[in-house]
């Protein structure tokens, strides 16, 4: 009896161990992933009229990345902030629905990095931190006026900062020096940087930014100014090579996916501009446009669109992101992930609505498996 | 005036700080009046309107609320531009245009300076001069001054980072570069300015030791320009008094309950009073700081009589009420007080505002708020009380000794002016002649004397005769010439504020004389004169300013129109007539008489800037005929009205730029009881906006009615004629026949008369009731609500008429209450 019990116990224990071991094996192979949904808010001016359904979407949003300023170069003023965030433009009436933490984003031009003296970079970092503090506070709807400058050594009211820069080999050193200075001056700050596809693919040539995490921008893959381009925002064919034989990136990876549209304008085969306010419905309005091949349209009359004079015969390439393209981008980017917890941020929130939100959910599903 | 209010703030700020930026020899924040639409005060006393000496302009009441501008923005004067321009020309010894210089001064936004390839840098003659290799130091100073401006004031465009008050940012590259330039330059022009700019930087950067050091080393010297020294003293004083916690503004923002403290003591006030006395540039700022405290607290801290007098003057400047007592005190303590002329002038302006303006404004005087903008704290006494005050002021001015601060000519002029206000014209003339004999013909006092002389003569003669017209013409053209001299100002003021300092006295003179002539019953000359002003002299419908046509509409009689037309059509004009008739105006589409007058150059610029309206001669005989016709229609003189309308070219009525073709639509001889003023029911009727055609038709119906013997037909014709009269009233579809604005309420009594006549003539009781119903509509306005709610549900014409007739007995009670005549007919 005792023996039987023992055998039974042994069998049971073996079974339990087997099951656990099996589960562990499977578990090792298919780690659960925890993507956090986020959105970029890039618009500096104007009001965004969020609807009720939009509010519902924002409830599921885990973080918001708000571009607070560009940093550009002036011969007289040196590095200076331009296109700064206008506190009236955002969430004034919908703040309560935006419970997600806000990460300010600062875009810095290559021209600034080219011109700035290395010994001014620490001062620039300080200015960026303080200016961001002012702008970040101004995103809070309880403060209706622009805050005054913070005194030195004021604890910052934001905990994460993202720097966006299309750095080159020439500007790399100064850019990285700036990132280091930011981190040095605010060690507790979660510092992130955006990463272009070529920077991801060639880390040795372009360098790895000294930040806590990076956001891989899986868009702007094509040649914007080429009339032959099919879609400069994203095509799988253009993006795919960047992910082939790419090594695991040495910094924690997050993903930024395209969720926007714009219209590229050509005149006599030459690029003349970009308009990101023309809506889809414009292209189904016969008196104005005639469809050409693909997503190209010919303008049939002279007209003014968003303060720009367009001529009859201008070719408009209307570029959008289809659900299919979005899923293709998601599937490609998945390969770049190097941590179980990461963020997927869509660019940008202006284009999200209740109708197209399903595509975002599907893209998020891609990252969960 | 559409541009005015919206654009005050940004331009006034930029202009002001442009002047502060490059430090003219005598930077004067002059108290020049800006005239808001609704402010009708007349200031005929502007003895330094065209003054080039750089003193404060003595217009209006408060330096705190500069000039007449109730919103508290400040304006710099022509003097500043001229002096700054001239001092730069002298320093650079090169030619550059004044408009280019003004542009360079005005641009402060760092974005505009960011790109050195833009037109501003490549086309501006001042910038070109600055960028000559020999002027390298000036160019360096210019860029540094622009750069420093972002740190240097609370209202200027600040540091692009918005971090300008942070200690570390004041120690900027700009500061270092300025210090370097200060140490290397030998040019006193640059040296003084660099030192001053550094003082400002150290002030805003809260670096008291550096500020003291620069002030003592470079500015606290006997040969330093006094106003620069005093302006720097302001910063030294303010920095010493500041709370040590310089950065508390940020904490205040997050914790609004916190307050900041300043250290106030005798030295603080004595220094600031010195600044008031010596530095026009910082005078206003110092006055604002001093008057935070009370005069009672201040006086014991001041040891000298001179300082006490200055303190009284500073508080008088802030006082919008009568300040006779303060003036007496100042004269007693220090008759040489520099603010005395300013305060005296302002008291005279107060007499003008509270005594002269209400008398001139006539109907507008009923609405005190129209001209009493500063009504708080001001005793709005009766005219008797104001006259008594003017007498007291006259006594004070008469006793004042002429000591160099108050010139004899100025004193006699002031006495003359007060006599003019008090209607004592003989004394006024006597003192004015004395003043004229004392002052040089080129002085601004002489101009004021000419103005006074003209005003006195008009009051004595009670008519504008030819010699006076000639004098007036000479004066007006002289003022225009001054305006041309200061033409560069147009860019900075006129386009945005519709105000030009050198024209403000001209405007007020025209209004004074025009309104006086109107009071004398000379409508024609009043209108011709008032057409020469940019300043509004009354409010028309919907708060738009009155223009010459509204004056005619309100005041002109048949003979006035004829007289005016004779002047306008004459083949030969006097200089004065030519001057008035050639006036141009902006004409806005779709307005009946929507004109905006102004000087031609200004209007042209407005048009080119806004693509709004078109520039046309102000005087148009067709419009005068139209108004004449309206006048006769209101007199019920149809034949005369028709004659007037016939003088108008047919295209005038159909021109799409005018209002007639939009409002004289539908069949005016039919009135739908549900839509009395709409033409929606008359879509088959061919519109004809020609007023003459309408009256011809009306006269035709009247002739038919007179001949008609069939009572039913006669009644019907009366009904049609009644409809025509109703249509001409403010509730009718042809309201433009007798009204100038759709907001008027003129109704012809003839409509009711003809409806009643129709009701009396109609044999059929039900038809009579129908006519009577029209006749009894309240004030000719046909409102179904007044009839019966049962009727309102019936909207189809024929069906409705049937039911109306059927239900007539039901309305008997209604009519009985309204009109016994109808009950009798029924």
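Spin-label model, residue A:277/residue B:95: points 7 Å from Cα along the beta carbon direction are separated by 4.5 nm.
Peptide B:467-480 is shielded by partner chain Cβ atoms: per residue, an average of 0 of them sit within 10 Å of its Cβ.
Using the average count of surrounding beta-carbon atoms within 10 Å as a protection proxy, the listed peptides B:325-333, B:733-741 rank, highest first, as B:733-741, B:325-333.
By the count of neighbouring beta-carbon atoms within 10 Å, fewest first, A:159, B:271, B:555 end up ordered A:159, B:555, B:271.
Shape analysis of the range A:261-320 based on the Cα gyration tensor places the equivalent ellipsoid semi-axes at 14, 13, 12 Å, largest first. In terms of packing, defined here as the mean over residues of other Cβ atoms within 10 angstrom, the peptides B:409-417, B:756-764, A:275-283 line up highest first as B:409-417, B:756-764, A:275-283. Take the Cβ atoms of residue B:697 and residue B:574, set R0 to 60 Å, and the FRET efficiency comes out at 0.90.
With the simple spin-label model, which puts each label point 7 Å out from Cα in the Cβ direction, the residue B:709 to residue A:115 separation comes to 10.0 nm.
Is the shape of the range B:436-475 best called rounded, prolate or oblate, per the rule: a/c under 1.5 gives rounded, else a/b larger than b/c gives prolate, else oblate, with a ≥ b ≥ c the square roots of the Cα gyration tensor eigenvalues? Since a/c reaches 1.5 and a/b is larger than b/c, the shape of the range B:436-475 is classed as prolate. Take B:421-430, B:622-631 and order them by the average number of nearby Cβ atoms within 10 Å per residue, most first; the result is B:622-631, B:421-430.
Quick one: compute the contact order of the range A:261-320, relative version, from alpha carbon pairs under 8 angstrom and 6+ residues apart, as a percent. 36 percent. When the square roots of the Cα gyration tensor eigenvalues are ordered a ≥ b ≥ c, the ratio a/c for the range A:145-290 is 1.5 or more and a/b does not exceed b/c, which makes its shape oblate. Judged by the gyration tensor of its Cα atoms, with axes a ≥ b ≥ c, the range B:283-349 is oblate; a/c meets the 1.5 cut and b/c is at least as large as a/b. Spin-label model, residue A:248/residue B:186: points 7 Å from Cα along the beta carbon direction are separated by 7.2 nm. Footprinting exposure proxy ranking of B:636, B:399, B:620, fewest other C-beta atoms within 10 angstrom first, gives B:399, B:636, B:620. For the peptide A:66-74, the mean number of other protein chain Cβ atoms found within 10 angstrom of a residue's Cβ is 2.
Neighbour counts of C-beta atoms inside 10 Å place A:324, A:225 in the sequence A:324, A:225, starting with the fewest.
Every read-out reported here was derived from the displayed coordinates using simple, explicitly stated rules and does not represent laboratory data. Values in this document were obtained by computation on a predicted structure and should not be read as measured data. As a convention, Cβ positions derive from the backbone with ideal geometry for all residues, glycine included, and neighbour counts pool all protein chains shown.
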